[in-house]
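The values are calculated or read from the model by the stated rules, or taken from the named source; none is laboratory data. Predicted model only: the values in this text are computed from it and were never measured. Here the Cβ positions follow ideal geometry from the backbone for every residue, glycine too, while neighbour counts run over all protein chains shown.
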Amino acid sequence: MTDVAGPDDPAAVAGTDGDLPEAAVRRLESSAFSSGLTVPDFAACLEIGLEPVALVQGFCVMQWGWYGPGSGFMRGMSPYVAGPQNAGAYSETYRCPHGYVSVEHRMWGQNLEQPWVEDAWAQGYGTAYRRMIEEATDHGAHGVIGVVDRVASVADTGTTEFHFLGTAVTVEGGPPPAGGVPWSTYLAGQRLTKSIEAGFMPVAVVAALASVRIWAYCMTEYLMEGQMGWGMPGGPQLVDQVSKAHMAARQLARKHVRGQLAGDELHGARIDVVGRELSQGDEVIDCTLRGNRVRRFKDFDPVPLPRPTVRLG
Amino acid sequence: MTDLTPEAAGTQPFDLPKDAAHRLEELEHGLFTSDLSVNEFLLVKEAGFHPLGFVMGSSIYHIGIQTRRWGESQELAKLTEAMYTARELAMNRMEEEAQELGADGVVGVRLDVNYYEWGNDSAEFIAFGTAVKAEDGTSYRNALGKPFTSDLSGQDFWTLMQTGHVPQGLVMGTCVFHIAHRKLTQALGSMGQNVELPNFTQALYEARELAMTRMQDEASRLNAGGIVGVRLEEKSHQWGSHTIEFLALGTAVTRGSGEVTLPKPTTIISLDN
Amino acid sequence: MTTGAAAPDLRAELRRGAEALAVAPRPSQARGITSDLSVDEALLLHAAGWEPLDLVCGVAVVSVPVGVWNWGRGAISLASDAHDAAVDQASRALGAECGKVRGHGVVGVRVDVAVRTHHIDVELVGTAVRPMDGKDARGNDAAQAMPFVSDLSARDFTLLLRAGWGPVGLAFGASFVYAPRRTAGTAMKQSTQNVELTNYTEAMYSARESAMEKMQRSALAVGGQGVVEVKVTEGPMSFARHAVGFTAWGTAVRLVAKEHQFVRPEVVLPLDDAVVTFEAESLRGKGR
């Protein structure tokens, strides 16, 4: 489903020649390096044997529309039709308990994972990441540290931009990674050296989006507008559909990320959730999970518990 | 001069709210609560005390108008008294809660002032803290027989006890001062010059001294040997820039009977942030 | 802490890591763990004999009936009940996720409560952990015990464990109250006086105490002996400024060792202000 490149996935890197802007090629050819590291991080990296080589970035703007080419609509995806296009995607249906009330009464509701949105996001993220890695490869780098990624949506135009920035480094006296594709990590400086000393080598920065759409049914609509609850037996009413959708979004994000780990571990994970209320209880929940994929390369005995101290002054 | 002794403020009869009584009863059955961080909790235990419960007192006070002369610097005694009384009410209620629990003292006291949009000219004064009790049964109550209060953090409390001193109470002195507006001729006369403004200097100096003297008087009433951690705060509250409240706060301490156990500190040169 | 002769060579460590990546990885059956702990926290947890398992979440949305926030008198019990139900349900969901990965509890929980006009949303995110030898502090095989939920950071969790205490759950309480009103006559009379507004005081004081009391009750309900790190928040609702909400949170703890273990801290006197380091330091002491 996702095509984010990792060092042991050389096939994904092929075919990206000629993708970089001309200005990037010129900048990278100059011999002076620039680096996004702070001074302490820079010094700490030199100490451990990481030589900064260049400041590298990758950028991509994606637009996904509902009706254009490549959209879910055109690919035959529809929330109302189960088929191979959304097989395996999360969905849960809710039926109204009231019987017929009126034509406006929403007798049916559904929580639905939106794989087409997730694919488009993964494509944008992956493309921007690959471009940054390509800039690093051009410089013969072994890895990229201190990665900063920014995903910004412009709601009105339905476009999302993905931007990566990092410092390409080489390992002094070390072999290049498998397939010649540099590894990457969000960490830099002392935090990175601690992680390496504890036995974890960074593999890649990974992220995934889970998008869940809530089509509200009557009970959800009423509860979210406070129309029910007075005098109902059993006390406060949990809005089951919305709660489940939120839980599902977070679980799916973890599932998608785990699918990219291939047995490695994810450290420093961060979850960001954005909920967009559409109307009448309908909502889209976008949950992004990011972290550092790391691989354990040696056993490490636990550090002894540090001594507690009280500072004077 | 208005009588700003704590006894005067505390003579009003007051019943703690019913919810407070329930909550304190639960605490007496052995559950403790505290807003101490884990670090502070462990250090309070090191000092030989056990936290009993989170205690608080509050009072919503309406601060009335006090007329003032535009051109004179003076203390606004009615406002001073009001600010003092309001805080004392909050502190007394907190001490009462601590007394209900049988505490020896309250640490980590915080005094806050809250303003709400629906209460013009009124403010809520709140005092929070954690009531503690000595585990070996010695009484640490102060000269007035009440649990000591102190705004020391858990760390500072432990360190103080190691030096052989015992807190007696949170002492405060307050003074609300109005600073005269300068006459137009005066202002024009000194425009563009580097010059000391004597009436400002005099006014602010006097106000601070008043606040600190009152704080020291409170400490002597507790038979304290000294005050540590004195903080001098200045607030304008909602009165505009020519009226300032000076609040001096500190913890009064006496030398205890215990020996000094503070071990010789290890000197270190810390090489990281 | 330094071992003198065996000071590690950080450059060699890095080269070893780079060599490990130069070969294709062995196929691994391990279920990759995801953790939001920082490196320091993960190391402290290991030092205490625990390990992180997975990032876990619990979310609950509870409806607040319309009209609850209009002007009234006294406590807004419907809002308090809804708030308590939301936190309770979110804790259960979090505990269930923790149980699924066979964790003993969740630490570092980030608590996010949003009170809106018609619903209260609670989100809890934390890391599920378990002791590395599979047993809890009393030596029981803790698979059958209820997972604990705590907003203590991994660092504070480790400190508490070392002192013989263990977290048992999240203690929380909330109460909502309408701001009291004065009659016009009383307002006029009081406008020039310095006087305590006793009915206001009573209302706010009661509401605060009520939130604290609910917190205490919830601590007792999970079997706690005490609550640490109590955080009290208060403020008017952004959508109804005459309604004020008070919440009190903390972690309920229980003595798990026979008695409190004193930590005996060392007193240090730093001789300088913090200096920014230019050297990569090893975890095991100074070394190159």
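Given the options C:VAL111, C:VAL61, name the one that is touching an Asp or Glu at 6+ places or on another chain (Cβ under 7 Å) and at the interface with another protein chain (Cβ under 9 Å from one of its Cβ atoms). I'd like the intermediate steps shown before the answer.
Values: C:VAL111 fails: at the interface with another protein chain (Cβ under 9 Å from one of its Cβ atoms).
Just one listed residue meets the conditions, C:VAL61.
Among the candidates A:VAL274, A:VAL303, single out the residue that is on the phi < 0 side of the Ramachandran plot and more than 25 Å from the chain's Cα centre (by Cα). Show your work before the answer.
Values: A:VAL274 fails: more than 25 Å from the chain's Cα centre (by Cα).
The match here is A:VAL303.
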**Report entry** Residues located in region A:277-313, provided they are acidic (Asp, Glu) and within 30 Å of B:GLN162 (Cβ to Cβ)
**Finding:** none
Query raised in the report: What is the number of the single condition among (1) in contact with a Ser or Thr (Cβ under 9 Å, 6 or more places away or on another chain); (2) modelled with pLDDT of 90 or more; (3) over 30 Å from A:VAL39 (Cα atoms) that A:ARG250 does not meet?
Result: (1)
Query raised in the report: Does B:LEU24 satisfy being more than 22 Å from C:GLU202 (Cα to Cα), surrounded by 18 or more Cβ atoms within 10 Å (Cβ to Cβ) and either more than 10 Å from every other protein chain (Cβ to nearest Cβ) or modelled with pLDDT of 80 or more (or both)?
Result: no
Requested in this report: Report whether or not C:ARG31 is modelled with pLDDT of 75 or more and of a type in the set (Lys, Arg).
Outcome: no
Requested in this report: Any chance you could count how many residues in region C:64-90 are more than 10 Å from chain A (Cβ to nearest Cβ) and polar (S, T, N, Q)?
Outcome: 2
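Please verify whether C:VAL59 is touching a helix residue (DSSP H, G or I) at 6+ places or on another chain (Cβ under 7 Å) and among the aliphatic types (A, V, I, L, M), treating the condition exactly as stated.
Working: touching a helix residue (DSSP H, G or I) at 6+ places or on another chain (Cβ under 7 Å): yes; among the aliphatic types (A, V, I, L, M): yes.
So C:VAL59 passes the test.
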Report summary line: The condition of being buried (at least 20 other Cβ atoms within 10 Å of the Cβ), over 30 Å from A:GLU104 (Cβ atoms), at the interface with another protein chain (Cβ under 8 Å from one of its Cβ atoms) and at pLDDT 90 or above holds, among A:VAL171, A:VAL144, A:VAL181, only for A:VAL171
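Please state which one of A:GLY263, A:GLY235 is farther than 23 Å from C:ALA114 by Cα, in a loop (DSSP other than H, G, I, E, B) and at the interface with chain C (Cβ under 10 Å from one of its Cβ atoms).
Working: A:GLY235 fails: farther than 23 Å from C:ALA114 by Cα.
Criteria check complete, one pass: A:GLY263.
Tell me, which residue of region C:41-53 that is at the interface with another protein chain (Cβ under 8 Å from one of its Cβ atoms) and in contact with a Ser or Thr (Cβ under 6 Å, 6 or more places away or on another chain) is farthest from C:HIS118 (Cα to Cα)? It would help to see each step written out before you state the result.
Let us first name the residues in region C:41-53 that are at the interface with another protein chain (Cβ under 8 Å from one of its Cβ atoms), namely C:42-44, C:46-49.
Next cut, in contact with a Ser or Thr (Cβ under 6 Å, 6 or more places away or on another chain) only: C:44, C:48.
Working: C:LEU44: 42, C:ALA48: 44 Å.
The selected residue is C:ALA48.
Looking for whichever is within 30 Å of C:LYS214 (Cβ to Cβ) and small (Gly, Ala, Ser) here; the options are B:ALA47, B:ALA77, B:ALA20, B:ALA82. Which one fits? Walk me through it before giving the result.
Working: B:ALA47 fails: within 30 Å of C:LYS214 (Cβ to Cβ); B:ALA77 fails: within 30 Å of C:LYS214 (Cβ to Cβ); B:ALA82 fails: within 30 Å of C:LYS214 (Cβ to Cβ).
One residue alone meets the criteria, B:ALA20.
Answer yes or no as to whether C:GLY103 is at pLDDT 80 or above and not in a strand (DSSP E or B).
Numbers: at pLDDT 80 or above: yes; not in a strand (DSSP E or B): yes.
Here the answer is yes, as C:GLY103 does meet what is asked.
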Query raised in the report: Tally time: how many residues in region B:38-47 are within 13 Å of B:LEU160 (Cα to Cα) and either more than 10 Å from chain C (Cβ to nearest Cβ) or without any contact (Cβ under 8 Å) to a residue 12 or more places away in the chain (or both)?
Result: 2
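On the basis of being modelled with pLDDT of 85 or more, within 11 Å of chain A (Cβ to nearest Cβ), under 22 Å from C:ILE33 (Cα atoms) and surrounded by fewer than 23 Cβ atoms within 10 Å (Cβ to Cβ), does C:ALA93 make the cut? If you could, list the steps in order and put the result at the bottom.
Numbers: modelled with pLDDT of 85 or more: yes; within 11 Å of chain A (Cβ to nearest Cβ): yes; under 22 Å from C:ILE33 (Cα atoms): yes; surrounded by fewer than 23 Cβ atoms within 10 Å (Cβ to Cβ): yes.
Considered against the rule, which asks whether it is modelled with pLDDT of 85 or more, within 11 Å of chain A (Cβ to nearest Cβ), under 22 Å from C:ILE33 (Cα atoms) and surrounded by fewer than 23 Cβ atoms within 10 Å (Cβ to Cβ), C:ALA93 comes out as yes.
For region A:277-303, give me each residue that is free of Cβ contacts under 8 Å to residues at least 12 places away in the same chain and over 29 Å from A:VAL203 (Cβ atoms). Walk me through it before giving the result.
Filtering region A:277-303 down to residues free of Cβ contacts under 8 Å to residues at least 12 places away in the same chain leaves A:277-279, A:301-303.
Across region A:277-303, the qualifying residues are A:GLU277, A:LEU278, A:SER279.
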Requested in this report: Can you give me the number of residues within region C:114-131 that are facing another protein chain (nearest Cβ under 9 Å) and assigned to a loop (DSSP other than H, G, I, E, B)?
Outcome: 2
Report summary line: Within region C:53-68, of all residues that are in contact (Cβ under 8 Å) with a residue 60 or more places away in the chain and not hydrophobic (A, V, I, L, M, F, W, C), the one surrounded by the most Cβ atoms within 10 Å (Cβ to Cβ) is C:GLY58
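Quick check: is even one residue across region C:176-185 in a loop (DSSP other than H, G, I, E, B) and either modelled with pLDDT of 90 or more or farther than 22 Å from C:GLY74 by Cβ (or both)?
Here is the first cut: in region C:176-185, the ones in a loop (DSSP other than H, G, I, E, B) are C:179-183.
In the following step, the residues that additionally are either modelled with pLDDT of 90 or more or farther than 22 Å from C:GLY74 by Cβ (or both) were identified as none.
Taking every residue of region C:176-185 in turn, none turns out to be in a loop (DSSP other than H, G, I, E, B) and either modelled with pLDDT of 90 or more or farther than 22 Å from C:GLY74 by Cβ (or both).
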Query raised in the report: Is at least one residue of region A:205-222 within 9 Å of chain C (Cβ to nearest Cβ) and acidic (Asp, Glu)?
Result: no
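Would you say A:VAL273 is within 26 Å of A:HIS105 (Cα to Cα), modelled with pLDDT of 90 or more and not in a loop (DSSP other than H, G, I, E, B)? First the steps, then the outcome.
Details: within 26 Å of A:HIS105 (Cα to Cα): no; modelled with pLDDT of 90 or more: yes; not in a loop (DSSP other than H, G, I, E, B): yes.
Considered against the rule, which asks whether it is within 26 Å of A:HIS105 (Cα to Cα), modelled with pLDDT of 90 or more and not in a loop (DSSP other than H, G, I, E, B), A:VAL273 comes out as no.
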